[in-house]
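To start, the structure under review is shown below, and the notes come after it.
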Amino acid sequence: MAEQPDLAVSARELEPVRTAASALYEDLTARGPAAVPETQAAAGDFDQVQLKAGWALAELARGWQRQCAELQRDTARISGHLDGTVRTFADTESAISSSVLRIAEGPAGADGIEANQDVLRLFGLAGNGEGSGGGAGGGGH
């Protein structure tokens, strides 16, 4: 018996995840650093009056910049990886669909060979009442 994958997803299921990662990256780029200039200005103001809160605010701003940069890098990596995965899955699904359609059409000029109806039903290419097929492609599914 063949091993079953731990996780099986289609390109259609991955697309929303890729879109969300891309949107998060764009939001982080546009809005992530928005508070940094004001925080740094406040830190400078506190430093001028010799309050230690200035140092704390400056550290907070540096930490926030670092975290935004890490999140941007990670979301870009996830989005890029899923871009490739979605494309690969879509290409693979298209190739499989084309192969199944060629099988459904049957081999040209080969008498006595039928398409495996179970396989065709799996891909939505045959009705449920058409039998289980046979011929050369009928045994190994």
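Here the extension length gained between LEU101 and GLU59 equals 8.9 nm, from 0.36 nm per residue of separation less the Cα-Cα distance. Remark: PHE123, PHE89 ranked as PHE123, PHE89, counting other beta-carbon atoms within 10 Å and listing the fewest first. Suppose R0 equals 35 Å. What FRET efficiency, 1/(1 + (r/R0)^6) with r the Cβ-Cβ distance, do GLN50 and ASP27 give to the nearest 0.05? The calculated FRET efficiency here is 0.40.
Every read-out reported here was derived from the displayed coordinates using simple, explicitly stated rules and does not represent laboratory data. Just so we're clear, the structure is a prediction, and the values are computed from it rather than from any experiment. Backbone-built Cβ (ideal geometry, glycine too); neighbour counts: all protein chains shown.
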